[in-house]
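Since every read-out is calculated from the coordinates, none of them should be taken as a lab result. Everything quoted here is computed from the prediction, not taken from an experiment. Cβ placement follows ideal geometry from the backbone for every residue including glycine, while neighbour counts extend to all protein chains displayed.
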Amino acid sequence: MFAHMIDRFKESTGSALRLTSLAAAVAGAVFVALAFLCAAAFVYMLQTYGLIQACLTCAGIFLVVALIAAGFYVAGRKRAQARPAESPKSAVHSALADPMLVAAGIQVIRAIGVKKLIPILAVGGLALGLLASRHAPTDEAPAE
């Protein structure tokens, strides 16, 4: 069971790494292409109109690109806030639903004994409660 979970984790991590590497290569190529296009526009404007107009044209191009990127960012942020946060089933939930794991847990309880497990479970529950409260989202708005 654990081997299957580890294999799925390795597979998803490998595919995410490949996609991230591909996205980084595409971003690098787009950056270089944009740099050459800006250089060509600058040289053309420099030869045609002069230095000041060429600088202002390139600044305007970069300002338009930045405004478009900011618009996409704001739209994506609003879309993410509008979408309800759905929590996928955790690996712990799927592991506890496995009958073999439940049977192994019952055998461990029988072997150790209930009286010895109560203090261990109490400390574990306390640690789990502290961990859950530590990562709980707060209702306070972040200061900007």
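For the range 2-82, the extents of the C-alpha atoms along the principal axes are 68, 31, 10 Å, listed from largest to smallest. Projecting label points 7 angstrom from Cα along Cα→Cβ for Ser21 and Leu117 puts them 4.6 nm apart.
Across the range 92-134, the convex hull enclosing all Cα atoms gives 60 Å³ per residue.
Gain on full extension, evaluated as 0.36 nm per residue between Asp7 and Met100 minus their Cα-Cα distance, stands at 31.6 nm. For Leu17, the shell of other residues with beta-carbons less than 14 Å away shows a net charge of +1, using +1 for Lys and Arg and -1 for Asp and Glu.
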